[in-house]
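Following: one structure in structure tokens, then a few remarks.
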Amino acid sequence: MKNHTLSLSLAVALGLTTLSTDLQAQDQEAFDKAYGAFQAAVAARQMQEAAQLGAEAYAAGQLLFDNGSPELAKLTLNYGRAVLATGRGPEASEILLSALNQSKAAFGEDSKELIPVYVSLAEAFATSSGRGSATEQNQAFNEAARLTALHQGAESQAAGVTELKAGMTLLDRAQSPLAGPHLERAHSILAVALGSNHALTGQAAFYLAKFALASNDLETAADWLTTAIATFTDPARPQNQLEFSAHLLNVQTLEGLGRSEVATASAQAIGRARGNTEAVDLQPLYTVSPRLAADVEQKQGTATISFMIDASGRVQQAEVTESTVGETVEQASLEAISRWRFAPRFEDGKPVPQEASQTLNFGPRQN
């Protein structure tokens, strides 16, 4: 999955186009200078500067190109994307709405040139702090999907990627149930277009697992995580952040289902990728809180628990080594930490036991 993972970074490739006109040489020179500086800033990934230079190029372009012309439509899209890359969603939304109108006038309502405009507009809505609702995001993505299917085929890779981008954005940015149908279509299309073992198909499965977890459907999430992990180049050793996240979610989901034994493969995969880690890196993969009665929870203090992490990442031999709380809290702490799960330490390619400790803090509830 390393080289094919779809990214929704807002610093998108701007797809800049060389623009030309036979109008006044002075205006042409001014535009060429402004647009050249804009292109250079984009190439250098200096997006704040690119957004400012994009505004100057856009102003210069308006003097050269007619409303509804292809040149002005493309220029407006490029400018809007540059602003979007800075995270200024509300401002980018207004520019991209103008780009949409310009593109419809220039190319037609059903033109393929509108696909990147709709996608960028949906992403702008998603970063607009309330400017664009999940419904507006979904509408823009639906139009992008419709046009992609129209021009490249409903079962094409492009259609699958568009659906995947829609589902990812709606889930990550809006936590919207509208993400589900997009992700299901993405997985179905990509499995046919690219194969069930392709990285993008696996990414769709991973996001379907996240979607299931959002509604606490652990069984469905576990199934999709199994599907996603099977697409990794090396399921026993995660290669990128998405693969780490999939293994982490798999441990948490399976532990939540009481399938601790099955979670071992993912716990060890994370440990194998980390290698010979120091104790400071031993953050638990899965935790549960001590179960205490309401009156006990009001007491303040700490309990330090020492234990061994075995080769499967389970906690063994837990004992209280320091405490300022009573026996009831200590016992609850031991019971809780005994259910925690870690990524085991690896030495010479093999998991080995490791000593560890955790200090739990107790105090009044924060209402």
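Tabulated data for the structure shown
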| quantity | calculated |
| --- | --- |
| Matching residues in the range 45-82 - criterion: being at negative phi and among the basic types (Lys, Arg) | Lys74, Arg81 |
| The listed residue being part of a helix (DSSP H, G or I) and not assigned by TED's automatic domain parsing to the domain that holds Gly349, out of Ala236, Ala222 | Ala222 |
| Residue in the range 171-182 that is in contact with a helix residue (DSSP H, G or I) (Cβ under 9 Å, 6 or more places away or on another chain) and either among the β-branched types (Val, Ile, Thr) or under 30 Å from Asp310 (Cα atoms) (or both) present | no |
| Flag if Leu183 is in contact with a Gly (Cβ under 7 Å, 6 or more places away or on another chain) and under 29 Å from Trp224 (Cβ atoms) | yes |
| Single residue of Glu243, Glu184 found to be under 27 Å from Glu123 (Cβ atoms), among the charged types (D, E, K, R) and surrounded by fewer than 22 Cβ atoms within 10 Å (Cβ to Cβ) | Glu184 |
| Filter result for Glu184 (assigned to a helix (DSSP H, G or I) and in the same structural domain as Arg81 (by TED's automatic domain parsing)) | yes |
| Meets criteria (aliphatic (A, V, I, L, M) and at pLDDT below 95) for Val251 | no |
| Candidate set: the range 171-181, residues that are assigned to a helix (DSSP H, G or I) and crowded, with 18+ Cβ neighbours inside 10 Å; chosen: the one modelled with the lowest pLDDT | Ala174 |
| Test: residue in the range 142-154 that is surrounded by 24 or more Cβ atoms within 10 Å (Cβ to Cβ) and under 22 Å from Gln48 (Cβ atoms) | no |
| Sole exception among (1) part of a loop (DSSP other than H, G, I, E, B); (2) touching a residue at least 12 places away in the same chain (Cβ under 8 Å); (3) closer than 22 Å to Ala222 by Cβ for Val251, by number | (1) |
| Matching helices (runs of 4 or more DSSP H) fully within the range 50-136 where at least 3 residues are not assigned by TED's automatic domain parsing to the domain that holds Ala37 | none |
| Any pair with Cβ under 8 angstrom, 6 or more apart, that starts in the range 161-183 at a residue that is over 12 Å from Ala212 (Cα atoms) and ends at one that is among the basic types (Lys, Arg) and modelled with pLDDT of 95 or more | Glu163/Arg185 |
| Pick from the range 57-94, criterion among the charged types (D, E, K, R) and closer than 20 Å to Gly36 by Cβ, ranking: surrounded by the fewest Cβ atoms within 10 Å (Cβ to Cβ) | Glu71 |
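The values are calculated or read from the model by the stated rules, or taken from the named source; none is laboratory data. Being a predicted model, the structure only gives us computed values, none of them experimental. Here the Cβ is made from the backbone with ideal geometry for all residues, glycine too, and neighbour counts use every protein chain on show.
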